[in-house]
Amino acid sequence: MKYVILQGDGMPDHPLPELGGKTPLEAARTPNLDRIARCAVTFGMVKTIPDPLPPGSDVGNLTVLGYDPMVYYTGRSPLEAASIGVPLGEKDVTLRCNLVTLAENDGEAIMEDYSAGHITTEEAREIILDLKKGLEEEGFTFYPGVSYRHLLVWTGGNKDIHTTPPHDISGKAIGAYVPTGAGAEILNRMIEKSREILKDHPVNKKRLAEGKNPATSIWLWGQGTAPKMPPFEELYGLTGSVISAVDLVKGIGHCAKLRVIDVPGATGYLDTNYEGKVDYALDSLEEVDLTMIHIESTDETGHVGKAELKVQAVEDFDGRVVGRVLEGIKRFRDYRILVMSDHPTPIDLRTHVNEPVPFAIYSSEDESVKNDSFVYTEKSAAASDVYVSEGWRLLGMLTGKETRGSNERR
Ligand SMILES: [Zn+2]
């Protein structure tokens, strides 16, 4: 039996006036997703983000891969550190370092763009290497990552500081959201100093000339310590692979000792190599039992806040991922497919929420229509009366394998 998880990150949403009161899932043409909903062995809603934890792809993707986040979640950036191969010691606290665009308004700095205009990885690398020279001091090390997402390791740091995700404060003055707590003054000094270093930086001059948002500052958040996760194979007795363009998801794959596969042209946005991601995933099933294909464009377009872009991302997910998998998976006789999301990223809020999300389990054992009225939308899934309150248990439902190791609270 082969297993495929299709994860449309942040895909669920709220009804939007600009879509005639529909959600992007309702407005988009999704023949493949709707077929899966009609023929699913199980179709319903699942709670992926436990109430005590922050709604985000870190908590959400742990859940999708069958790890109880209440047991294993230790912050976002340690997972990203795992992806870029940064070893963490017991005393190391890591922080996500975004490159952002701040605007000035009456002497106040405003969070204009949490992604510095989706700056390219090459441009960002040049900037991060210059910031390393200007900002690093005893116990602090910067590591370049992908696009606007980078890493700071603070040895002997305080993981109990308070920080704020920049995509939660789009358009707001940053003053009330800078890091606070013991040791945060050093981080704030670095944020301030980064703005000086980045003023008139050659990369920014070039981006401004191209009409793109410059990286005018760093923003530090998502702190944590090294996660202690048992290997996926130990928990479920299955081998697996992970396909994603995003360091966070790759990092979870590394921590779970899954095979993390890099796909050329995978960008984490609308210009990504959807077909390549599917093909690499299906090829990996020749050797492993399970594969997860993570699609980020459905989340990024939620953060950008443009309904037409999110509808396009959903249609790409349906046609270029789900449809291609439904075709390509036939090379394996027995297979099961789980379609779900890690959390909604509603356009009207432009950030994550912890509301339940639709999911469907489709099986080659019985591909008959179960309910002709079902479509893959928030409303239809809610009407199915199936509700899974602890999302990490879905992996066991998909594979029929109860967790071997302790997924229970320690
Ligand atoms: Zn997400």
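The values are calculated or read from the model by the stated rules, or taken from the named source; none is laboratory data. All values reported here derive from a predicted model rather than from experimental measurement. Neighbour counts are summed over all protein chains in view; Cβ atoms, including those assigned to glycine, are modelled from backbone coordinates with ideal geometry. Keep in mind that these areas ignore ligands, DNA and RNA; they rest on the heavy atoms of the full protein, side chains included. Shrake-Rupley method; radii C 1.70, N 1.55, O 1.52, S 1.80 Å.
General observations
- Relative to the Cα centre, the charge distribution of the stretch 92-224, modelled as +1 at Lys and Arg Cβ and -1 at Asp and Glu Cβ, gives a dipole magnitude of about 280 debye.
- Note that the stretch 281-410 shows a convex hull volume over its alpha carbon atoms of 148 Å³ per residue.
- For the pair residue 90 and residue 122, a Förster radius of 25 Å applied to the C-beta separation gives a FRET efficiency near 0.15, rounded to the nearest 0.05.
- On the beta carbon distance between residue 334 and residue 273, with R0 = 30 Å, the FRET formula returns roughly 0.60.
- Note on the stretch 178-228: Cα Rg divided by 2.2 N^0.38 Å, N the number of residues, gives 1.49.
- GNM top mover of 279, 366, 168 - the chain, alpha-carbon springs below 10 Å: 366
- Based on Cα contacts under 8 Å between residues 6+ apart, the chain shows a relative contact order of 33 percent.
- Taking only the Cα atoms of the stretch 92-224, the radius of gyration and Dmax are 13.7, 41 Å.
- Cross-link pairs exceeding 29 Å between alpha carbons, from the set 133/212; 22/330; 2/277; 212/310; 212/379; 132/306: 22/330; 212/379; 132/306.
- Less than 5 angstrom separates the built amide H of residue 241 from those of 259, 290, 291, 292, all sequence-distant by 5 or more or on a different chain.
- The chain: antiparallel DSSP beta bridges as a percent of all, rounded to 5: 60 percent
- The stretch 203-269 - Rg and Dmax from Cα coordinates, angstrom: 17.5, 54
- For the pair the stretch 8-75 / the stretch 129-184, the C-alpha centres are spaced 29 Å from each other.
- Alpha carbon Rg of the stretch 213-323, scaled by the compact-globule rule 2.2 N^0.38 Å: 1.21
- Relative to the Cα centre, the charge distribution of the chain, modelled as +1 at Lys and Arg Cβ and -1 at Asp and Glu Cβ, gives a dipole magnitude of about 440 debye.
- Think of the chain as having a plus end and a minus end, set by charges on the Cβ of Lys, Arg, Asp and Glu; of 362, 56, 25, 362 sits farthest toward the positive end of this dipole.
- Value of [θ]222 nm, deg cm²/dmol, for the chain, DSSP H segments ≥ 4, -39500 (n - 2.57) each, nearest 500: -8500 deg cm²/dmol
- Relative intensity of the stretch 24-174 on a log10 scale, I(q)/I(0) at q = 0.13, 0.17 Å⁻¹, equals -0.80, -1.15, per a Debye sum over C-alpha point scatterers of equal strength in the absence of solvent.
- Of the accessible area of the stretch 295-358, computed with a 1.4 Å probe over protein heavy atoms only, carbon and sulfur atoms account for 45 percent.
- Take 33-45, 185-197 and order them by the average number of nearby Cβ atoms within 10 Å per residue, most first; the result is 33-45, 185-197.
- Overall, the ratio between the Cα radius of gyration of the chain and 2.2 N^0.38 Å, rounded to two decimals, is 0.97.
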